[in-house]
Amino acid sequence: MIKAVRGMKDILPEEIPLWQKVEETARDVFETYLYHEIRTPILEPTELFSRSIGEATDIVEKEMYTFEDSHQQLSMRPENTAGVVRALIENRLQDLRGSQRYYYIGPMFRRERPQKGRFRQFHQIGVEAFGDAGPYVDAEIIQMLARFFRRLGIDAYEVRINSLGCRSCRPLYIEKLRAAMDAASATLCEDCQRRRDKNPLRVFDCKTDQEQLASFPVITDNLCAACQEHFDGFLSSLKKMAIPSIVYPSLVRGLDYYTRTTFEFVSTSDALGSQNSLLGGGRYDGLVQVLDGPVLCGIGFALGVERLIMALPDVLQEAPLCYYVAHIENEGFARALTLAERLRDHGVAVAVGNPLKAIKAQFKEADKMGATTVFVIGPDEAKQGVVTIKDMKTGEQRSVPESEVMADITERA
Ligand code: HAM
């Protein structure tokens with residue numbers, strides 16, 4: 001049997017309503033904040049990712065699906081900030097009128113070790129906003145996310161925020177951090193020894209050296225005046241919006257393009273296990289230039305759809321209503337066809353029983369399909385112009401005039 005690739009899974013029809021609900025809610029909410037959808041290719045030149053995400057990151061070092069095509073190295077996108085920035089520069093979107101705010105929905109690929117909530121093909125919904133130096137827009141993005149979560153009924157999460165400083169204060173901080181690492185080097189784990197030279201900020205991701213980490217200098221105590229002012233503005237905007245957040249100086253993120261604001265929404269429900277980061281994002285003010293574009297600041301986030309769906313409350317996970325019309329004899333079948341079409345005109349999902357099957361077999365089929373309500377039109381119903389409506393959960397039956405079926409089910413939905 002040919003099986004799906006490890007870490008990549010099918011999204012089956014029964015799960016689709018949840019995916020659609022999440023995607024529709026994202027479109028609805030993000031568009032009210034003037035974000036517009038953009039769709040970019042899944043394959044991009046490898047260099048796009050190595051230059052933006054950073055050569056020394058796990059993603060670029062070991063997680064990308066890369067191959068050569070006509071002497072060019074291509075990679076399947078591990079994330080989409082780089083792709084959106086490339087599209088912005090290539091299509092000169094920054095010269096257009098209107099807001100440069102984009103959102104995207106689609107699959108991403110990372111060759112990570114699969115586990116609960118972590119896949120090799122996963123889906124992100126993300127946004128990128130260009131040209132606004134903040135810090136108000138930084139807070140507005142958090143506000144938009146809080147609205148999105150509220151709409152989905154998710155409240156078990158924590159908003160973690162940080163500032164990573166800028167090109168002038170971060171190098172000074174990193175020197176301090178390296179000095180602290182050197183002083184503690186005898187007790188640091190091998191991974192951290194390696195991080196010291198390659199990517200010292202990532203030392204804060206270490207699970208084994210927690211004790212030493214507590215004594216290391218933190219970035220939020222080492223911001224320059226401009227970054228401090230920006231961070232204070234971010235905090236005070238969040239306060240005005242009444243959004244609780246927690247400052248996490250160790251929130252360093254796994255991509256190198258960030259400057260100043262970074263944030264994550266972490267699930268506090270048990271449903272997710274250790275992969276509890278629902279989304280992550282931040283500001284990347286130098287990235288457009290790094291990719292040969294104009295001077296243009298940016299900020300965005302991406303959320304993992306698989307993880308978000310795991311965090312959804314059970315009410316949202318209930319199967320949608322589904323209707324079935326069972327019928328007897330020719331007259332019943334003709335009326336069943338008319339009734340089904342009338343219901344579909346109103347957007348109701350309805351199946352018509354197979355006319356080659358007896359009524360009992362039709363009921364069995366309705367049950368197998370998960371029909372919540374069955375309409376029955378037999379010779380008596382046809383004569384009287386009524387429909388018998390059976391609630392499949394409770395077994396209750398009622399007789400309703402054909403013309404009132406739509407009103408009846410709307411009232412009970
Ligand atoms: P990221 O933190 O690498 O950021 O990913 C964002 C989210 O994608 C994570 O919080 C998680 O929910 C989900 N995710 C990441 N890897 C996996 C995986 N292997 N399996 C399942 N879900 C996963 C970015 O990708 C940035 N581009 C975000 C951004 C946009 N920053 C600015 N703009």
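The values are calculated or read from the model by the stated rules, or taken from the named source; none is laboratory data. Owing to the predicted nature of the structure, the values given are computational and were not obtained by experimental measurement. Here the Cβ positions follow ideal geometry from the backbone for every residue, glycine too, while neighbour counts run over all protein chains shown.
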Residues being away from the ligand (no atom under 14 Å from the Cβ), outside any helix (DSSP H, G or I) and either modelled with pLDDT of 95 or more or buried (at least 20 other Cβ atoms within 10 Å of the Cβ) (or both): count how many of those fall in segment 35-70. 11
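Pick from Val325, Val348: which is hydrophobic (A, V, I, L, M, F, W, C), modelled with pLDDT of 95 or more and farther than 30 Å from Ala271 by Cα?
On the way: Val348 fails: modelled with pLDDT of 95 or more.
Just one listed residue meets the conditions, Val325.
Please report, ordered by residue number, the helices (runs of 4 or more DSSP H) entirely within segment 284-357 with at least 1 residues that are within 16 Å of the ligand (Cβ to nearest atom).
Values: elements: 287-290, 305-311, 329-345.
Qualifying helices (runs of 4 or more DSSP H): 287-290, 305-311.
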Here are the criteria: (1) within 27 Å of Ala82 (Cβ to Cβ); (2) assigned by TED's automatic domain parsing to the domain that holds Tyr102; (3) within 16 Å of the chain's Cα centre (by Cα). Tell me which single one Gln20 does not satisfy. (1)
When restricted to Ile125, Ile141, the only residue in a helix (DSSP H, G or I) and surrounded by 21 or more Cβ atoms within 10 Å (Cβ to Cβ) is Ile141
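If you scan segment 187-243, which residues turn out to be among the hydroxyl-bearing types (Ser, Thr, Tyr) and either buried (at least 16 other Cβ atoms within 10 Å of the Cβ) or part of a helix (DSSP H, G or I) (or both)?
If we filter segment 187-243 for residues that are among the hydroxyl-bearing types (Ser, Thr, Tyr), which is where we start, we get 187, 208, 215, 220, 236-237.
Those that are among the hydroxyl-bearing types (Ser, Thr, Tyr) and either buried (at least 16 other Cβ atoms within 10 Å of the Cβ) or part of a helix (DSSP H, G or I) (or both): Thr187, Thr220, Ser236, Ser237.
Residues are listed down the side, and each one gets a yes or a no for (1) among the aromatic types (Phe, Trp, Tyr); (2) more than 18 Å from Leu279 (Cα to Cα); (3) surrounded by fewer than 16 Cβ atoms within 10 Å (Cβ to Cβ); (4) near the ligand (Cβ under 9 Å from one of its atoms):
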| residue | (1), (2), (3), (4) |
| --- | --- |
| Ala82 | no, no, no, yes |
| Arg86 | no, yes, no, no |
| Glu90 | no, yes, yes, no |
| Leu96 | no, yes, yes, no |
| Gln100 | no, yes, no, no |
| Tyr104 | yes, no, no, no |
| Pro107 | no, no, yes, no |
Kindly evaluate Leu88 against the criterion of being modelled with pLDDT of 95 or more, assigned to a helix (DSSP H, G or I), farther than 15 Å from Ala302 by Cα and not basic (Lys, Arg). yes
Residue within segment 258-269 that is more than 11 Å from the ligand (Cβ to nearest atom), touching an Asp or Glu at 6+ places or on another chain (Cβ under 7 Å) and in a loop (DSSP other than H, G, I, E, B) present: yes
Would you confirm, using the coordinates I've provided, whether Gly7 is buried (at least 19 other Cβ atoms within 10 Å of the Cβ), within 13 Å of the ligand (Cβ to nearest atom) and either under 19 Å from the mean Cα position of the chain (by Cα) or at negative phi (or both)? no
Return only the number of the condition from (1) away from the ligand (no atom under 14 Å from the Cβ); (2) in the same structural domain as Glu306 (by TED's automatic domain parsing); (3) of a type in the set (Gly, Ala, Ser) that Ala184 does not satisfy. (2)
If you check every pair at least six apart or on different chains, which have Cβ atoms under 7 Å apart with a residue in segment 30-44 that is over 16 Å from Met64 (Cβ atoms) first and a residue that is part of a loop (DSSP other than H, G, I, E, B) and modelled with pLDDT under 95 second? Leu34/Ser99
